[in-house]
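One structure is given here, and the rest of the page talks about it.
Readers should treat all values here as calculations from the given coordinates under stated rules, not as data from a laboratory. What you see is a predicted model; the values in this text were computed from it and never measured. So basically every Cβ, Gly included, is an ideal-geometry build from the backbone, and we count neighbours across all protein chains shown.
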Number of protein chains: 2
Amino acid sequence: MSRETDELKQAGLKATRPRLMILQLLEDAEERHLTAEGVYRSLLDAGEEVGLATVYRVLTQFEQAGLVKRHHFDGERAFFELDENKHHDHMVCMRCGKVEEFVNDEIERLQREVAAEHDFKLTDHRMELYGLCANCREDREND
Amino acid sequence: MSRETDELKQAGLKATRPRLMILQLLEDAEERHLTAEGVYRSLLDAGEEVGLATVYRVLTQFEQAGLVKRHHFDGERAFFELDENKHHDHMVCMRCGKVEEFVNDEIERLQREVAAEHDFKLTDHRMELYGLCANCREDREND
DNA sequence: ATGTATGCAAAACATTTGCACCTGG
DNA sequence: CCAGGTGCAAATGTTTTGCATACAT
């Protein structure tokens, strides 16, 4: 019984083949931030027969179970990332789509401060920086 | 010739009735953050005959002209807000949906700093705080 | 065995687009 | 007048759902 099987059971989910495959994929993928479609195609490429609807259902269950975080970097589609319980924010390259993670404790502190000033009970927050990553930036040394 | 007519012309847009109505609505609305559907319904309620497709087209044109900013607070639908060229971030109440605006120069500065550290050319950013606003918080003094 | 999960196809949304008609300057 | 704008309906892309079948325990 694999570690993934345990993780699923602890999350209260039956260890079915699609769920195992999706969890493994999220754990092993080089790119941590995947769309449902991306997960789906990766599984097909790996020879797994799975339905796109199942991918959506499983990712949503994973989210509810706290295994995964859902992001909306643009307004078009959602990105899913394994939730390792290490909070971080994102920096998204508008050219190649690369997503880098970062944490800045000072910003985190200021956010709590701002919320307090407004008598706002903070439960969550999101912060994303958009622009050009180091690589794409080079390719455009003609702006 | 109204001020709105001028604003449209300066933005290079013909002053048509739908565009005037939408611009006025955005300027006068109590709630500054509206969905396309919201704009559409407000116009219908006001007796204006306009198509939803036109609302989308006009809002997109306004965005390109810099008159309006588009936000994706959740991943479901876009919110539009008049762009007064005063950058700010948002605090969204998860209970009543209220959106408050705020600015914190120190956070802004740190964002630029983080981007620089990663060799990232910053073009835009988004930051949203989610939680309970002062009012909704009171209603729940039983948590 | 049996309640749950899956796959497929159809539905549901938000948003965009093609096209014939209308309108502002 | 006539390029550009609008309304409608149909298309799109993403995500959800209904339902009959397949599977984990």
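Details
- Assuming charge only on the beta carbon of Lys and Arg (+1) and of Asp and Glu (-1), the dipole of the protein assembly as shown about its Cα centre is about 940 debye to the nearest 20.
- For B:Gln10, label point 7 Å along C-beta direction: distances to other copies, nm: 6.0
- Full extension of the segment from A:Arg3 to A:His71, taken as 0.36 nm per residue of separation minus the current Cα-Cα distance, would add 21.9 nm.
- 7 Å along Cα→Cβ, label-point gaps from B:Met94 to other copies, nm, shortest first: 3.0
- For chain A, the Cβ-based charge dipole about the Cα centre amounts to some 660 debye (Lys, Arg positive; Asp, Glu negative; other atoms uncharged).
- GNM flexibility winner over chain A from A:Gly66, A:Gly51, A:Gly75 (Cα, springs under 10 Å): A:Gly75
- For region A:1-59, the Cβ-based charge dipole about the Cα centre amounts to some 340 debye (Lys, Arg positive; Asp, Glu negative; other atoms uncharged).
- Sorted from greatest to least, the principal axis extents spanned by the alpha carbons of chain B come out as 46, 46, 26 Å.
- Value of Rg to Rh for the protein assembly as shown (Rh from inverse mean 1/r over Cα pairs, i.e. Kirkwood): 1.01
- For residues of A:69-78, the mean tally of beta carbons on other chains within 10 Å: 3
- Ordering of B:9-17, B:119-127, B:34-42, A:125-133 by burial proxy (mean other Cβ atoms within 10 Å per residue, highest first): A:125-133, B:34-42, B:119-127, B:9-17
- Where GluC sites (Glu not before Pro) fall in DSSP loop in region A:77-125, at most 13 other Cβ within 10 Å: A:Glu84
- Positive-end extreme of charge dipole, chain B - chosen from B:Thr54, B:Ala134, B:Phe73 (charges on Cβ): B:Thr54
- Copies compared at A:Glu106 - label distances in nm, ascending, label defined 7 Å from Cα in the Cβ direction: 0.9
- Other protein chain Cβ atoms within 10 Å, averaged over every residue that makes up A:107-115: 5
- Placing R0 at 41 angstrom, the Cβ-Cβ distance between B:Thr60 and A:Arg17 gives a FRET efficiency of 0.40 after rounding to 0.05.
- Nonlocal Lys pairs with alpha-carbon distance under 17 Å, the protein assembly as shown (8 or more apart, or different chains): 4
- With Cα atoms, 0 to 90° folded angle of helix B:105-117 axis to chain B main axis: 80
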